[in-house]
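Beneath this line is the structure, given in structure tokens, with notes to follow.
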Amino acid sequence: MSDIGEMVFLPKLLRRLREVAPEVNIKTVAMPPNLLEQAMEAGGVDLAVGYFPDLTKHRFYQQRLFRHAFVCIARADHPDIGETLSLEQFLRIPHAVVSPEGRSQEIFDRLLEREGLKRRVLLSIPHFMSIPFIVTSSDLIVTLPRAVGTSFAQLANIKLLDPPFENPTFDLKQHWHERFHQDAANRWIRGLFYELFSEQEPMRVGVPRTGTEPWEV
């Protein structure tokens with residue numbers, strides 16, 4: 001789970017665990033995709049929850065939880081931005097970009113490339129947690145998943161702005177290895193994640209697909 005995943009999932013998960021399983025302990029880890037696959041196969045990691053486009057091999061199950069969109073943020077008293085963000089402002093005003101490898105920022109970057117849009121990236125950083133401090137003390141714009149932007153706006157002097165073009169979306173999913181598909185503890189924790197975070201219909205039993213795609217549940 002990335003730092004962004006910790007922000008989105010852990011507060012609600014911990015509240016629920018306090019109610020139904022107060023003795024359960026949670027440990028989150030972040031690791032490169034190749035090490036993550038090995039750890040999940042060995043049982044060192046039970047679930048990968050979030051945006052993990054590298055977990056695409058057929059020996060993994062995946063289950064969609066909900067869909068994310070992007071939002072732009074700036075300090076609430078930004079001298080050049082009011083209640084909306086124009087395309088001219090988006091391209092002219094410097095940006096800070098969070099670029100963890102293989103994560104959601106790639107989706108937004110591909111959209112900009114497809115539309116032929118080039119923003120001025122003044123700052124590139126690998127983590128989200130410093131963003132509120134950077135935004136509130138500068139005139140930079142940051143584009144990030146809406147749930148994260150909403151959390152930052154609740155904590156700091158930050159306003160939310162819709163991107164001035166088509167807003168790409170992406171699915172957040174939970175992934176697990178086929179070895180633990182019938183494991184009771186694994187089934188319990190992924191059922192809890194589904195209960196707390198799914199926007200879909202009630203859980204149904206999945207039938208693994210053949211081929212090289214991950215199995216959908």
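When region 123-161 is filtered for residues that are under 15 Å from Ile93 (Cα atoms) and among the aliphatic types (A, V, I, L, M), the ones remaining, listed by number, are Leu123, Ile134, Val135, Leu140, Ile141, Val142, Leu161.
When every residue of region 10-32 is checked against the conditions, none turns out to be at pLDDT 90 or above, surrounded by 16 or more Cβ atoms within 10 Å (Cβ to Cβ) and not aliphatic (A, V, I, L, M).
Could you please let me know if Leu35 is more than 25 Å from Phe108 (Cβ to Cβ), touching a residue at least 24 places away in the same chain (Cβ under 8 Å) and within 20 Å of the chain's Cα centre (by Cα)? Taking the combined requirement at face value, the residue does not satisfy it. Kindly check whether there is at least one residue in region 96-118 that is part of a helix (DSSP H, G or I) and in contact with a Gly (Cβ under 7 Å, 6 or more places away or on another chain). For region 96-118, residues part of a helix (DSSP H, G or I) and in contact with a Gly (Cβ under 7 Å, 6 or more places away or on another chain): absent. Restricting to region 119-131, what's the tally of residues that are assigned to a loop (DSSP other than H, G, I, E, B) and more than 13 Å from the chain's Cα centre (by Cα)? Count: 5. Only residues that are farther than 11 Å from Leu144 by Cα and either loosely packed, with under 12 Cβ neighbours inside 10 Å or among the aromatic types (Phe, Trp, Tyr) (or both) were counted across region 102-119, and they come to 6. How many residues does region 97-120 contain that are more than 25 Å from Pro32 (Cα to Cα) and either of a type in the set (A, V, I, L, M) or at pLDDT below 85 (or both)? Within region 97-120, residues that are more than 25 Å from Pro32 (Cα to Cα) and either of a type in the set (A, V, I, L, M) or at pLDDT below 85 (or both) number 2.
The values are calculated or read from the model by the stated rules, or taken from the named source; none is laboratory data. For clarity, every value in this text was computed on a predicted model and none was experimentally measured. Cβ sites come from the backbone with ideal geometry, for glycine too, and all protein chains shown count toward neighbours.
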